[in-house]
Every structure is written in structure tokens, then in C-alpha cells.
Amino acid sequence: MRTRPLKVALLGCGVVGSEVARIMTTHADDLTARIGAPVELAGIAVRRPDRVRAGIPAELITTDAKELVKRDDIDVVVEVIGGIEPARTLITTAFEHGASVVSANKALVAADGAALHAAAEANGADLYYEAAVAGAIPLVRPLRESLAGDKVNRVLGIVNGTTNFILDKMDSTGAGYSEALDEATALGYAEADPTADVEGFDAAAKAAILAGIAFHTRVTIDDVHREGLTEVTASDIASAKRMGCTVKLLAICERAADGASVTARVHPAMIPLTHPLASVREAYNAVFVESEAAGQLMFYGPGAGGSPTASAVLGDLVAVCRNKLAGTTGPGESAYTQLPVGPMGDVVTRYHISLDVADKPGVLAQVATVFAEHGVSIDTVRQQSKDGGAARSGETDNGGEASLVVVTHRAADAALSSTVGALRDLDTVRGVASIMRVEGE
């Protein structure tokens, strides 16, 4: 066994970084046995050096991250500071000085993964980022290695714990969005500024990474269609229940039917209660993978938090250290298919549309005509007066309103968009209350 320790520089010592440092210290003997050489924490770069960090020797702390990653004795850099800069500069500097990198930085990998992989390859280094996608859930490595001989056609997942907690509470308690968000914040699931989560930015970054790996093509966060959950109402949740569904914020990456392109999207969707993802509760994550040979696979577990994310970081650290000892590197970027990312308008799925309409005869016929004219086939229709009674075909218009819920068969998103535009132009349609896709069927 090699006796000189492999030296690790840690960038960031917050919730995740402090757990990485703790595990490296408390499990040092186990890590040595698994790697085949001792591994030593050689320095920790932080922004606030005066903060008390229990169990971490003060002599390891530095504010000069750039000098730390430039040290010739550093074998691996672990980056858990997040964001684009200075993380990107620090990672490329580490590569230039011969270090491999383990990162949990979804935003950076989703925005600039191709350049980072190229820099790693040019310097004979590894870039691993299991923790960037789904916390403790092994997902990047199974897609990149275990399914390397298979053809993945679809990845469908819940990849943000905050939004899943909010929607789960809305479903189980009948709470509105604001109430559920307040509870998520009080319990520490939501940040003081929850925008990245509730507007889908976090999930979109993860979808870009998953699509790139699954389909062997380059996908960035700018290629991902994104919708958040702030417009989801208690009425939407109730309507989903009447259909035997629940609402989830989904990341969906799939090949086109002809295999000539891929799409990646994040948005709220209704899924049947019979689908495995429907039972994912609280702040848990789960990803459903569909491939030609393996069939349907599901990965489930905690998708965030200090300990779960640190577990993924340490798993990558062990793999990278083993590669260092063997004088080799692991899988790099695989983008040989060079498939284009298709527009959202090409996506084909079902839709649930809720309309506020005049409570009078003939409205349903007008609405159905608009759907037919735009090539969108209607599956079911439910009409109800705003006063709670069913709308009656013999009524005259007394200025009242009715709620009309239309569920379609599968149609292209572009066709649905043009249909909704035409519906808004009808005098009898007073508003489009909500539009939600129906997935997983």
C-alpha cells in the first residue's frame, strides 16, 4: 500500500463542506482501506475564517482559495461553494496544476460542463459530480457507467426536495401554495429566497446534466424549458385528485420518437397515483429511467442536505483517488451523438385545461370547435357552475360563470398553445384559469 497520503483541498465549509471534512476525519481508516492509500485534508478555503467550525483544525483554514488549488502537492480538489464564479476559475486552475476535481456544483456543470470536461481531459484529470444532481442518490454514475451499454430513452424525475415538500403538503392537507411554502421555510426545506427552487432553476440545471449524460449529447441549462410551481393552486390539486392523479414538479428528458433530437423540460404535471413517482413524499427525490435493454429503473432517496450530499461527494472522492493511484482517469464527457435539443413545441403529451366561461348554452360546442380546428383531440370534459351546480343546457345567460375542465388526448405543445390562444379570443371564455400537462401514462 502506498504510504504517502493523497492530499485533498476543500473549497467551502458550509453545510455540505463541514460534513465532508467530518467524514474524512472520522472515517479516515475506512477511506484508506477502500482507496488503497491514506487520504489527507490539506486545506479548506472559506470566506469567513472567524466562524467557529467544531472539529476542524484552525491551521487548515484559508481565505486564499486560488493559492490552495495551485499547490503542487494537492491531488484532488473538492468544490462545494456553488455558483459560477469563482468556482469555474478555481476548478480550471486546479486542472492546470494537475489536480482532479469532485464538485457538487449543478449550476456550473449545467452551464459550462463541456468546457470543464475539456479542461480536465487536456490535463489528464478527472471531473466527477455525482452530488450535483440528486444528493445521496446514485444517479450520475449509473447513467454514465452502469447503463453505458444500453440506450436510455427517457428520464423522468423529482429532483428538488423543496418543491416536492410543498406540493405534497398541498395535496395532503389542502393548503394553498403560500401556506405550504411557509411550512417548508419554517422546517428549513426552503431558503429565505426560494426562487431557485420554486421557479424551477435548480431542477432545470439537474435536467440539463441528466439529459447530457443519458443521451450522450450536449445540453445546457439554456436548452431546458422551465416552469415553476408558483401558479399551482389548491383547485389544481383537487382537480388532479378527481382524475386519480397528484401534482409533481418534474424534470423530463426524452428522445424524440424518431430518435433525431432530444428535449429537456421542467414543469408541474399531473401523474397517475399508480405511477411510482406519485408515492414520493415530503422532501425526497426520485428519478425514473426508461431504457431499451434494462427497461424501467427507479432511483429514490434524500436529494439534499449536508450528510446525504457529502455521501455522494465522498463516493466520488474514493473513485477519483483510486484513479490517481492507478494512473488513469474515469469516464469523461460523452457527446458523440451530437443530437439537437428540440423546442418545447415539439413535445407531445396530454393536457388539463381549466377555463372560466359564460354559464350559458352553446359554450361547450364553441370550445370543442376550437380544439378540433387546432388538431387537439378532447378526452374528457367537466362543466360546473361557479355556484356549485352543474351547468344546464337549457339555461339562458344571466351573467354567471361556469368552470369548464378539458382533458386532452396526446398532442404537440405547439398545437395546445395555439388552441389556448384561440380560446382566449372567444367572447364566452372569460379566462384560462390553469394549464397543466398530464404525464406518466
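Details
- Among the residues of region 272-289, the ones that are surrounded by fewer than 17 Cβ atoms within 10 Å (Cβ to Cβ), within 20 Å of Thr173 (Cβ to Cβ) and within 20 Å of the chain's Cα centre (by Cα) come to 3 in all.
- For region 222-246, a residue qualifies if it is within 28 Å of Val262 (Cα to Cα) and surrounded by fewer than 22 Cβ atoms within 10 Å (Cβ to Cβ), and the qualifying residues are Asp222, His225, Arg226, Glu227, Gly228, Thr230, Glu231.
- Comparison of Asn153, Asn160, Asn123 shows that the only residue that is surrounded by fewer than 24 Cβ atoms within 10 Å (Cβ to Cβ), farther than 24 Å from Ile35 by Cβ and of a type outside the set (A, V, I, L, M, F, W, C) is Asn153.
- Among the criteria (1) farther than 21 Å from Leu249 by Cβ; (2) assigned by TED's automatic domain parsing to the domain that holds Glu231; (3) within 19 Å of the chain's Cα centre (by Cα), the one Glu292 does not fulfil is (3).
- Options Ile252, Ile237: the member that is among the β-branched types (Val, Ile, Thr), under 21 Å from Ala134 (Cα atoms) and in contact with a strand residue (DSSP E or B) (Cβ under 9 Å, 6 or more places away or on another chain): Ile252
- Among the residues of region 239-250, those identified as farther than 16 Å from Ile166 by Cβ and either charged (D, E, K, R) or not in a loop (DSSP other than H, G, I, E, B) (or both) are Ser239, Lys241, Arg242, Cys245.
- Unmet criterion (only one of (1) closer than 24 Å to Leu210 by Cα; (2) free of Cβ contacts under 8 Å to residues at least 60 places away in the same chain) for Ala87: (2)
- When Thr380 is tested against (1) surrounded by 14 or more Cβ atoms within 10 Å (Cβ to Cβ); (2) modelled with pLDDT of 85 or more; (3) out of contact with any Ser or Thr (no Cβ under 6 Å at 6 or more places or on another chain), only condition (1) is not met.
- Lone unmet requirement of (1) in a helix (DSSP H, G or I); (2) exposed (fewer than 15 other Cβ atoms within 10 Å of the Cβ) for Asp197: (2)
- Strands (runs of 3 or more DSSP E) lying entirely in region 1-81 (those with 1 or more residues that are touching a residue at least 24 places away in the same chain (Cβ under 8 Å) and basic (Lys, Arg)): 6-11
- Verdict on Thr309 being of a type in the set (Ser, Thr, Tyr) and within 12 Å of Ser100 (Cα to Cα): no
- Among the residues of this structure, Val78 counts as one that is assigned by TED's automatic domain parsing to the domain that holds Cys321 and either crowded, with 22+ Cβ neighbours inside 10 Å or within 25 Å of the chain's Cα centre (by Cα) (or both).
- Taking every residue in region 400-414 that is within 12 Å of Gln384 (Cα to Cα) and outside the structural domain of Lys360 (by TED's automatic domain parsing) and pairing it with any residue that is of a type in the set (Lys, Arg) and part of a helix (DSSP H, G or I), at least 6 positions away or on another chain, yields no pair with a Cβ-Cβ distance below 8 Å.
The values are calculated or read from the model by the stated rules, or taken from the named source; none is laboratory data. The structure displayed is predicted, hence computed values, not measured ones. Using ideal geometry, Cβ is built from the backbone for each residue, glycine included, and neighbour counts are taken over all protein chains shown.
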